[in-house]
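The values are calculated or read from the model by the stated rules, or taken from the named source; none is laboratory data. The structure presented is a predicted model; accordingly, all values stated were derived computationally and were not measured. As a convention, Cβ positions derive from the backbone with ideal geometry for all residues, glycine included, and neighbour counts pool all protein chains shown. With ligands, DNA and RNA removed, areas are computed over all heavy atoms of the protein, side chains included. Shrake-Rupley method; radii C 1.70, N 1.55, O 1.52, S 1.80 Å.
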Amino acid sequence: MEQLLNPKVSANTVLLTNLACRQRRSLDGTWRAIIDPYDTGYVNILGQRNKLGYFRDLKPRTPSDRVEYDFDRSLELVVPGDWNTQDPSLLYYEGTVWYRTLFDVDRAESARTFLSFGAANHTTRVFLDGEELATHVGGFGPFAVEVTGRLALGSHSLVVQVNNRREPDRIPGMRSDWWNFGGITRSVELVSVPRTFLRDAWLTMAPDGRIIGGATIDGADSATLNDPPCTVDLIDAGITAELVDGGVEIDAVTASRLERWSPGAPVLHRIRWACGQDVIDDEVGFRTVKVEGNRVFVNDEETFLRGISIHGEGPSGGKRAHGPDDASTLLSWAEDLGANFVRLAHYQHDEHMVREADRRGLLAWTELPVYWNIAFGSEAVMANAVAQADELVIRDRSRASVILWSVANETLPDDARLSFLSTLVQRVKVLDSTRLTTAALLTIPSKDPVVHIEDPLGEVVDVIAINQYLGWYYGQRLEIASTTFSTAFAKPIIFSEFGAGAKHGNHGTDEEIWTEEFQAAVYNEQISMIRNQADCVGLSPWILKDFRTPLRVLPEIQDGYNRKGLVSEEGERKLAFDVL
């Protein structure tokens with residue numbers, strides 16, 4: 001029964017990229033939903049799979065027929081969106097919700113068809129016309145389910161079971177300092193592709209100036225595609241490269257004809273993949289990123305990362321962010337700070353965020369939801385972490401904005417954790433060797449003014465990221481500026497988190513906690529400290545805006561929000577915004 005309720009791995013799903021140029025039909029909108037805290041719609045009272053479960057979307061056939069659910073008379077929820085903020089009774093709900101939408105097919109299939117989900121939190125089962133098709137485990141990555149041959153002319157019932165219950169063997173685990181939004185949180189689409197198509201296709205620039213990339217051919221005819229060969233055209237530069245054994249490479253001399261993408265000066269080039277009948281158009285920027293000693297270089301220029309951390313929560317309403325408008329607003333606030341860098345914490349964000357960062361010339365750190373304590377010794381959890389790493393990297397490795405893959409946040413050192421995270425770093429580098437790796441380390445300084453970082457994970461990653469809250473959780477504010485951080489690794493340091501809480505509009509002296517003045521004073525001291533750190537190459541303070549979290553319960557101050565934002569949950573700026 002445990003495996004029925006809490007599957008450990010995904011099944012029958014694939015990862016599709018470059019959806020923007022595909023033939024698509026949106027299934028977004030108002031869906032019907034049934035709240036099912038006991039999972040009755042999937043498991044019967046004997047703990048067996050319920051053959052008459054909610055996924056069948058049954059209707060009484062006679063007046064005496066007993067059907068104990070009815071989607072047509074049930075709750076309405078908007079997709080994409082979290083369920084927590086759509087109905088007050090669901091704010092804290094953790095469990096199963098069944099979603100259903102009906103759609104018509106009025107023409108015969110001429111190619112292959114997939115159901116594509118941008119994300120659903122956390123574990124998802126997909127049913128079409130009463131038949132179970134696939135399971136996806138993980139709350140933040142995209143996935144697709146092939147439905148070729150299943151869409152006859154007429155009406156179809158799509159039912160999706162989503163469960164956001166916290167479990168010890170899920171990623172993230174039982175505790176996190178953000179809201180456990182449940183639901184189908186990103187768009188759902190029907191995507192049509194040719195019989196043989198490019199499931200994923202990517203290009204990026206290596207540190208030595210070569211352009212490298214590749215593609216995965218999906219289809220029965222893949223062995224016959226050598227004549228003509230699959231190619232990628234860099235249309236602006238008149239450069240064409242062939243796909244050979246799944247990879248492409250353009251030498252550095254030829255690639256030098258392309259104008260570089262740079263922070264604050266983004267240049268995106270039109271590219272076109274062609275493989276048989278399949279054509280993919282994209283816009284890609286090309287830049288190099290590397291570490292030399294304790295410095296980070298972008299396009300061979302030493303670059304200081306003036307950043308801010310961002311949660312995947314919308315600009316207002318305390319709801320899960322999605323779509324281009326949310327991305328535009330959040331990144332505009334970051335630009336108003338003078339940022340050239342954003343840390344997209346603590347999980348994979350909406351694809352609109354990284355594509356908008358590409359367009360604006362903002363550098364980005366993206367992250368896996370390996371947060372605090374998870375089951376590092378579990379093989380199933382390890383397998384799911386690798387799958388989530390694949391979703392993160394494969395989707396975004398053509399995005400010039402992304403320069404850092406982060407595999408974890410604030411995990412406690414031990415052998416199991418080191419082995420687990422080392423495996424993730426290795427997997428990321430197999431998928432993309434051109435970017436830098438990191439993980440935000442939990443640091444609790446002592447009274448010693450010199451803080452020395454010796455976490456063995458520092459040997460594995462390229463950049464040392466330090467979360468520290470001097471002047472807030474520990475230490476005296478007047479001691480911040482004289483504190484020095486060092487590491488055992490001779491690598492660059494990013495202060496990936498620091499800050500203090502303040503309720504917008506709460507004013508007083510800078511000695512009064514929760515006031516805007518107190519928060520601004522902590523920022524002033526932190527900035528003075530950072531200016532004196534020899535190995536520091538950047539900062540991403542915590543955080544752009546106040547965000548929901550059940551850990552923060554102080555009445556009239558927190559009220560279910562982490563108040564470390566530089567703007568309120570409704571976008572109102574605090575004094576520390578101008579300090580930064």
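Does segment 124-136 hold any residues that are open to solvent by less than 10 Å² (accessible area, probe 1.4 Å) and closer than 23 Å to Y93 by Cβ, and which are they?
Scanning segment 124-136 gives T124, V126, F127, H136.
Among the residues in segment 500-516, are any touching a Phe, Trp or Tyr at 6+ places or on another chain (Cβ under 7 Å) and closer than 22 Å to D462 by Cβ?
Checking segment 500-516: not a single residue is touching a Phe, Trp or Tyr at 6+ places or on another chain (Cβ under 7 Å) and closer than 22 Å to D462 by Cβ.
When residues of segment 168-188 are filtered for being buried (at least 20 other Cβ atoms within 10 Å of the Cβ) and charged (D, E, K, R), how many remain?
Total meeting the criteria: 2.
For segment 91-111, how many residues are open to solvent by 10 Å² or more (accessible area, probe 1.4 Å), under 27 Å from the mean Cα position of the chain (by Cα) and aliphatic (A, V, I, L, M)?
Final tally of qualifying residues: 1.
Does A119 satisfy being part of a strand (DSSP E or B) and within 30 Å of A345 (Cα to Cα)?
no
Scan segment 248-274 for residues that are within 28 Å of V191 (Cα to Cα) and either modelled with pLDDT under 95 or out of contact with any Phe, Trp or Tyr (no Cβ under 9 Å at 6 or more places or on another chain) (or both) and report the count.
Final tally of qualifying residues: 6.
Quick grid of which residues meet (1) open to solvent by 40 Å² or more (accessible area, probe 1.4 Å); (2) assigned to a loop (DSSP other than H, G, I, E, B); (3) in contact (Cβ under 8 Å) with a residue 60 or more places away in the chain:
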residue	(1), (2), (3)
L198	no, no, yes
I212	no, no, yes
P229	yes, yes, no
L258	no, yes, no
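Spot the failing condition for A152; the list is (1) among the small types (G, A, S); (2) open to solvent by 20 Å² or more (accessible area, probe 1.4 Å); (3) assigned to a strand (DSSP E or B), and only one is missed.
(3)
For segment 529-580, give me the residue count where each residue is more than 27 Å from the chain's Cα centre (by Cα), closer than 18 Å to Y473 by Cα and assigned to a loop (DSSP other than H, G, I, E, B).
2
Within segment 519-551, restricting attention to residues that are of a type in the set (D, E, K, R) and closer than 18 Å to N562 by Cα, which residue is surrounded by the fewest Cβ atoms within 10 Å (Cβ to Cβ)?
R548
I'm checking my understanding of the structure. Among residues of segment 235-250 that are of a type in the set (A, V, I, L, M) and within 12 Å of W202 (Cα to Cα), which one is least open to solvent (accessible area, probe 1.4 Å)?
V248
Yes or no: segment 338-352 includes at least one residue that is open to solvent by 10 Å² or more (accessible area, probe 1.4 Å) and within 16 Å of V567 (Cα to Cα).
Yes, some residue in segment 338-352 is open to solvent by 10 Å² or more (accessible area, probe 1.4 Å) and within 16 Å of V567 (Cα to Cα).
Any chance segment 392-407 includes a residue that's open to solvent by 10 Å² or more (accessible area, probe 1.4 Å), free of Cβ contacts under 8 Å to residues at least 60 places away in the same chain and among the charged types (D, E, K, R)?
No, segment 392-407 contains no residue that is open to solvent by 10 Å² or more (accessible area, probe 1.4 Å), free of Cβ contacts under 8 Å to residues at least 60 places away in the same chain and among the charged types (D, E, K, R).
For residues that are in a loop (DSSP other than H, G, I, E, B) and surrounded by 13 or more Cβ atoms within 10 Å (Cβ to Cβ), scanning just segment 451-464, find the one that is farthest from the chain's Cα centre (by Cα).
That would be D455.
Answer yes or no as to whether F114 is over 30 Å from G377 (Cβ atoms), surrounded by 20 or more Cβ atoms within 10 Å (Cβ to Cβ), of a type outside the set (A, V, I, L, M) and out of contact with any helix residue (DSSP H, G or I) (no Cβ under 8 Å at 6 or more places or on another chain).
So F114 fits the description; yes.
Please name all residue pairs, on different chains or six or more residues apart, with Cβ atoms under 9 Å, provided the first residue is in segment 154-169 and is without any contact (Cβ under 8 Å) to a residue 12 or more places away in the chain and on the phi > 0 side of the Ramachandran plot and the second residue is loosely packed, with under 15 Cβ neighbours inside 10 Å and not in a strand (DSSP E or B).
Filtered contacts from segment 154-169: no entries.
Kindly indicate whether L554 is of a type in the set (A, V, I, L, M, F, W, C), crowded, with 19+ Cβ neighbours inside 10 Å and within 25 Å of G312 (Cβ to Cβ).
Criteria not met by L554.
I want to confirm something. Restricting to segment 24-72 and keeping residues that are of a type in the set (V, I, T) and either in contact (Cβ under 8 Å) with a residue 60 or more places away in the chain or open to solvent by 80 Å² or more (accessible area, probe 1.4 Å) (or both), which single residue is nearest to S155 (Cα to Cα)?
T30
Please enumerate the residues belonging to segment 465-483 that are surrounded by 13 or more Cβ atoms within 10 Å (Cβ to Cβ) and touching a helix residue (DSSP H, G or I) at 6+ places or on another chain (Cβ under 8 Å).
Correct list: L470, G471, W472, R477, I480, A481, T483.
Hey, among I239, I280, I250, I271, which residue is over 30 Å from E146 (Cα atoms) and in contact with a helix residue (DSSP H, G or I) (Cβ under 8 Å, 6 or more places away or on another chain)?
I239
Output yes when any residue across segment 157-166 is in contact with a Gly (Cβ under 8 Å, 6 or more places away or on another chain), surrounded by 20 or more Cβ atoms within 10 Å (Cβ to Cβ) and of a type in the set (D, E, K, R), and no when none is.
No, every residue in segment 157-166 fails to be in contact with a Gly (Cβ under 8 Å, 6 or more places away or on another chain), surrounded by 20 or more Cβ atoms within 10 Å (Cβ to Cβ) and of a type in the set (D, E, K, R).
Inside segment 486-518, can you point out the residues that are of a type in the set (A, V, I, L, M), buried (at least 16 other Cβ atoms within 10 Å of the Cβ) and farther than 12 Å from C536 by Cβ?
Correct list: A500, A502.
With respect to L77, determine if the residue is assigned to a loop (DSSP other than H, G, I, E, B) and either more than 30 Å from the chain's Cα centre (by Cα) or touching a residue at least 40 places away in the same chain (Cβ under 8 Å) (or both).
For L77, the condition - assigned to a loop (DSSP other than H, G, I, E, B) and either more than 30 Å from the chain's Cα centre (by Cα) or touching a residue at least 40 places away in the same chain (Cβ under 8 Å) (or both) - is not met.
Run D448 past the list (1) surrounded by fewer than 20 Cβ atoms within 10 Å (Cβ to Cβ); (2) in a loop (DSSP other than H, G, I, E, B); (3) in contact (Cβ under 8 Å) with a residue 12 or more places away in the chain and report the number of the one that doesn't hold.
The one condition D448 does not meet is (3).
Is it the case that T443 is within 22 Å of P369 (Cβ to Cβ), among the hydroxyl-bearing types (S, T, Y) and either modelled with pLDDT under 95 or open to solvent by less than 10 Å² (accessible area, probe 1.4 Å) (or both)?
Judged against the criteria, T443 is a match.
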